[in-house]
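Below is one structure, written out as structure tokens; comments come after it.
The values are calculated or read from the model by the stated rules, or taken from the named source; none is laboratory data. Everything quoted here is computed from the prediction, not taken from an experiment. Using ideal geometry, Cβ is built from the backbone for each residue, glycine included, and neighbour counts are taken over all protein chains shown.
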């Protein structure tokens, strides 16, 4: 179940299925921050035109909510380049040109920013490690989900039977319109078209993860379309807007 919770003025969602593990995760809404105008109010991106001081304060607030002192994030570019965080952080860092972050370090918050694209998480309950990634349609075409599974195996010795996967709020099949999709998507994506030009990218992601060997019972989807639910930012809905964040931390 994908549950709504609050911390002071912040509103966030989490999967109840993952609460039994030494893992904290949250998908923060746009509420509870200090940003103004089209970025109101919990914008977590420095790259959209918001006041940097407001973004620093917003990031401080989500760190307080999760009980972490350091964040690692990325300047996302719709690819599949990864960063392995394999040592404790002395300060917050943001990695250039990266869409996937892996770590086995406890107490490090991993942040992915969103405004329509999927964020996804892989968690290995045995090796106590995770990957958090940004999967827009370009990333899905590039194979970032498959790459994430393989990197978990390579970096941490993960076995697919020990992995949990979560797909966080993003464009749902109601709003994921892609005109000219035949030029954008490979033919393997076309069966996920649910009506002319509209695609179920959530089901596509589940299909990709199952094809890599993950147990379907361990693949969680939020079922929330960020364009429909106005508590989230949406680039397609607003164009000039902020970015909400999906965050995970090993305890």
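Brief remarks on what is shown
- Within the span defined as the range 210-222, one or more residues are crowded, with 19+ Cβ neighbours inside 10 Å and either closer than 18 Å to residue 115 by Cα or at pLDDT below 95 (or both).
- Test: residue in the range 139-157 that is in contact (Cβ under 8 Å) with a residue 12 or more places away in the chain, farther than 17 Å from residue 82 by Cα, out of contact with any strand residue (DSSP E or B) (no Cβ under 6 Å at 6 or more places or on another chain) and outside any loop (DSSP other than H, G, I, E, B): no
- The criterion of being on the phi > 0 side of the Ramachandran plot and in contact with a strand residue (DSSP E or B) (Cβ under 7 Å, 6 or more places away or on another chain) holds for residue 97.
- Whichever residue in the range 6-48 is in contact with a strand residue (DSSP E or B) (Cβ under 7 Å, 6 or more places away or on another chain) and without any contact (Cβ under 8 Å) to a residue 24 or more places away in the chain and, among such residues, is nearest to residue 114 (Cα to Cα): 14
- Search result, residues across the range 85-103 that are buried (at least 17 other Cβ atoms within 10 Å of the Cβ) and closer than 16 Å to residue 151 by Cβ: 85, 95, 98, 99, 100, 101, 102, 103
- The range 173-230, residues that are farther than 22 Å from residue 29 by Cβ, touching a residue at least 60 places away in the same chain (Cβ under 8 Å), in a loop (DSSP other than H, G, I, E, B) and touching a strand residue (DSSP E or B) at 6+ places or on another chain (Cβ under 8 Å): 214
- Scanning the range 229-249 for residues that are over 13 Å from residue 166 (Cα atoms) and touching a helix residue (DSSP H, G or I) at 6+ places or on another chain (Cβ under 9 Å) returns 230, 233, 238, 239, 240, 241, 242, 243, 245, 249.
- The strands (runs of 3 or more DSSP E) found wholly in the range 28-112 and carrying at least 3 residues that are farther than 22 Å from residue 13 by Cα occupy 82-85, 93-96.
- Test for residue 122: is it assigned to a helix (DSSP H, G or I), touching a helix residue (DSSP H, G or I) at 6+ places or on another chain (Cβ under 7 Å) and buried (at least 24 other Cβ atoms within 10 Å of the Cβ): no
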